Amino acid sequence: MNDELRYLLHRTAQGKHSRRAFLGRAGALGMSAAMANTLLAGAAQAQEPKKGGMIRMGMQGGESTNTLDPALAASEVPFAVNMTWGEMLTDVDADGNLDLRIAEEVSSSPDAKTWMFKIRKGVEFHNGKTVTAEDVLATMQRHSDENSQSGALGIVQGIESMKAEGDMFTVTLESPNADLPYLMGDYHLIIQPNGGKDDPAAGIGAGPYKVVVNEPGVRHGFEKHANYWDDRIGHADQTEILVINDTTARVAALQAGQVHMINRVDPKVYGLLKKAPGILVHATPGRGHYVFIMHCTAAPFDNNDLRMALKLAINRQELVDKVLGGLGSVGNDFPINSAYPLFDDTIPQREYDPEQAAFYYKKSGHDGSPIILRTASGAFPGAVEAAQLYQQTASAAGIPLEIKREPDDGYWSDVWNVQPFCASYWGGRPVQDQMYSTAYLSTAEWNDTKFSNEKFDSLLIAARAELDNAKRKAMYSEMAHILRDEGGLICPMFNDFVEGVSETIAGWRSDPNGELMNGRAHVKCWLA
Amino acid sequence: MHPILKLVAQRVSLGLVLLLAASALIFIGVELLPGDVAQSILGQSATETSLRNLREELGLNEPALTRYFNWLFAALQGDLGTALTNGQSISKAVGERLGNTLFLAFWAAIISVPLAIILGLIAVRYRNRWPDKLISGITLSTISLPEFVAGYLLMYLLTVQFRVFSPISTIYAGMSLGEKLSAIALPVMVLVLVVLAHMMRMTRAAILNVMQSAYIETAELKGLRPFVIIARHAFPNAVAPVVNVVMLNLAYLVVGVVVVEVVFVYPGMGQYLVDHVTKRDLPVVQACGLIFAAVYIGLNIMADVISILANPRLRHPK
């Protein structure tokens, strides 16, 4: 094998080259496709995880106000920290399949109303106690308590009754939900001893690592939990998450070898960092999206012709190119993309069409007064610039937009969900039902477009009980059409997660569920 | 009572009154911010139910005046309360952070103050000649450079191009003094560059002022070496304005270095305060504000006292 091929093979196995590119080069160098494939399989297998060492992640999204209470986790660092020491009943893997964690088996009644979770045997908390169905029950009770401030309250509220018997945890729902096993993988629902009722922020869980250092906003240190049940993950002996909120400092720390992985690489430096020696930059398509939201109930947005005009007046591709630096994909005015299971890719893409926009704008009979769009630099990265680009393309269609820049401070309390037209973002959810139920069901607390459509609501409820995937997909497709044509959501783009990883790290896999392999990169990767 | 003691006592009690006024101002300022702590904690995930529950739990429904006095009396007894956001004891967290901040400020001061004064003396000795112009030129350019630019430049040079230091200055208990000093080398350098010019220029200006006096001429006529004249005869009479500027800069090193902390990921007070301000964590914001105000007022009192002691006319009032 010549040197070029060996080099390519190595890089492909590491994930730096695509498989297809490797096969192409191998062909050009006179090797048959079958042989090249065999070679590649061998090289990938040689990537046997190595144990030991210390993996460090440098992350944006941590504050000195953070706590280890999983119910209160909201930003990126607490999320990744909790994924290090805690584990839920279930999880979602990179392909969107259910990954069973503390639950060993999941089964349901035929109507998807009652769900049984069999608790895995011999799973141990860091305090030495064995995980029981009672602990699971207590955890769910804590999160479903009306007084709890849990971010998962909305998920567990639909539970009618729960019980723990032997190693079986049983949930009965008020209405059927085929997605319940996915919902149990919500990152707030970490199983804690006695449900964390005694000390919710103790950081004691059943995850692969124990908390050793907890300095919120500075660093979080972990060491391997010796009796962890699953040896497929948790390869390093120790791991550390450093909070580095400054973008430049984060990149410098990666370049200087002080951390192995960083999140949130600025699209502006993506090209440059890619050329830096010893560093791989991954752009992973995810479910997160940047949006402009209109309240369907407030004038002038209560007029669907005006909403349609505004949807047609935005140049999606331009926003992806300029705001995301090309690291993302265009949206289609509903919150779902191909990263979701049961996505219908035949729904026509909405394009920028100033003439149609002008037509609908006239049809709406709007009096021509400027339409106020509120934005803030914290609404999403580049939200102010995005609003300015939107203003330009809208004015080409004769629609006057007036940008009102709001302070970041108080944006989520005073502007979002309060003002009728503003910039915002969504992080995405593991399944379509959860995304729609969170923000588009007419009764949802976070229905930030004040969207209310009976057909849509009834389809959403019906889809929950539908266990036939083909029928379910058709229902979701119909809902997407309704939302796209009548909703208050302008969804111009889905953003990629852009992350920098040192070449000393092996085992990296793109995961659309969340950034840094859904917060588990340090747990799933190893030091090469 | 000795007049100096009386003077110092006056200054200190004035300082305490000032501190009380500052605490009220801090409280009012925080109250005026949009949104409240419950909304800030829950952020985008706030629902009516969780907001109501949290407000009740945090006692935010009490009138502002009651909350102010409750806090003030507890603070007088050394209890700063617990952070609303993560339930950690403020006194403990602030203690660690303040220790870090003082550690960084101490090393920056111990390098910058003598350096600035010596450079000032040299600048006077060679005034309007090339050493003076060189010193002024360099220090004025470093003060004109925003801290984060200086930080990034040093970081690029000394961590990415030449791996001399680490870009992350996080220090924690268990590190040896050597490790800590190596970790904070870059932020100390940046802070020295930032505070040098102000103190140097003031030293130079104050001494030049004195240099016009008749007794300096006498010293020259006695045949003393120029540097001795400056250091022994001129400088002591120029101490008052220099001390004031030095104290201002020391105060800045303690309370104003949040940008440097962010750039180098240093766990100091500034970052701690900013994090809690954005979450409307009132007790922490008030505690930090009070500490910062105390540092500022304390250092200024010290400057006053040193000026008085250094000035015979104030030391022996008629």
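Throughout, read-outs are computed from the coordinates displayed, never taken from laboratory work. This structure is a prediction, so every number in the text was calculated from the model and none was measured. Here the Cβ positions follow ideal geometry from the backbone for every residue, glycine too, while neighbour counts run over all protein chains shown.
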Point to revise | Ascending count of other beta-carbon atoms within 10 Å, so fewest first, for A:104, A:499 | key: A:104, A:499
Exercise for review: Using only the Cα atoms of the stretch A:168-239, build the gyration tensor, take square roots of its eigenvalues as a ≥ b ≥ c, and label the shape rounded, prolate or oblate: rounded if a/c is under 1.5, else prolate if a/b is larger than b/c, else oblate.
Suggested key: prolate
Point to revise | Proxy reagent accessibility, fewest Cβ within 10 Å first, across A:187, B:156, A:270 | key: B:156, A:270, A:187
Practice item. Arrange the following residues from fewest to most other Cβ atoms within 10 Å of their Cβ: A:476, B:296, A:425. Key: A:425, B:296, A:476
Check your understanding: So what J values fall out for the stretch A:108-122 if you push phi through Karplus, 6.51 cos²θ - 1.76 cosθ + 1.60 with θ = phi - 60°, rounded to Hz, Gly and Pro as x?
Key -> 9, 6, x, 8, 6, 9, 10, 10, 10, 10, 8, 7, 4, 7, x
Review point. Taking the simple approach of a point 7 Å from Cα along Cα-to-Cβ for both residue B:2 and residue B:21, what is their distance in nm?
Key: 3.0 nm
Review point. Just from its helices, what would the mean residue ellipticity at 222 nm be for the protein assembly as shown, if runs of 4 or more DSSP H residues each count -39500 (n - 2.57) and the sum is divided by every residue, rounded to the nearest 500 deg cm²/dmol?
Key: -15000 deg cm²/dmol
Review point. Where the centre of each part is set by its Cα atoms, how far does the stretch A:343-368 sit from the stretch B:232-276, in angstrom?
Key: 57 Å
Practice item. Give the long-range amide H neighbours of residue A:214: residues separated by 5 or more places, or on another chain, with amide H under 5 Å away, using H modelled in the peptide plane at 1.01 Å from N. Key: A:221
Study note, to complete from the structure: Rounded to a whole number, the mean other protein chain Cβ count within 10 angstrom for residues of B:264-276 is 4
Practice item. Note the full-extension length gain between residue A:227 and residue A:346 as 0.36 nm times their separation in residues minus their Cα-Cα distance, in nm to one decimal. Key: 38.0 nm
Practice item. With springs only between Cα atoms under 10 Å apart, run a GNM on chain B and tell me which of B:304, B:36, B:281 wobbles the most. Key: B:36
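Structure shown: which of A:311/A:363; A:51/A:524; A:210/B:92; A:268/A:311; A:129/A:210; A:362/A:404 lie over 19 Å apart, alpha-carbon to alpha-carbon?
Too far apart for the 19 Å limit: A:210/B:92; A:268/A:311; A:362/A:404.
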Review point. Considering chain B as a Gaussian network with a 10 Å cut-off on Cα pairs, which listed residue, B:163, B:125, B:280, attains the greatest mean-square fluctuation?
Key: B:163
**Study point:** Label-to-label distance, nm, for residues given as residue A:160 and residue B:52 (7 Å Cα→Cβ offset)
**Key:** 2.6 nm
Check your understanding: Mind listing the phi-derived Karplus ³J(HN,Hα) values for the stretch A:459-475, rounded to whole Hz, using 6.51, -1.76 and 1.60 with θ = phi - 60°, and x for any glycine or proline?
Key -> 4, 4, 5, 5, 5, 4, 8, 8, 8, 7, 5, 5, 5, 5, 4, 4, 5
Review point. Amide H to amide H, which residues 5 or more places from residue A:108 or on other chains are under 5 Å from it, using H placed in the peptide plane?
Key: A:116
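In the stretch B:96-279, what is the volume of the convex hull around the alpha carbon atoms, normalised per residue and reported in Å³?
Output value, Cα hull per residue: 134 Å³.
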Study note, to complete from the structure: Going residue by residue through the stretch B:84-94, the Karplus relation 6.51 cos²θ - 1.76 cosθ + 1.60 with θ = phi - 60° gives ³J(HN,Hα) values, rounded to whole Hz and with x marking Gly or Pro, of 5, 6, 10, x, 7, 5, 5, 4, 5, 5, 5
Point to revise | Projected label distance in nm at residue A:274 and residue A:385, using a 7 Å step from Cα toward the beta-carbon | key: 1.7 nm
**Study point:** Virtual paramagnetic centre 7 Å along Cα→Cβ of residue B:209, amide N under 17 Å, in the stretch B:101-143
**Key:** B:117, B:120-121, B:124
Check your understanding: Mind listing the Cα extents of the protein assembly as shown along all three principal axes, in Å, largest one first?
Key -> 106, 75, 66
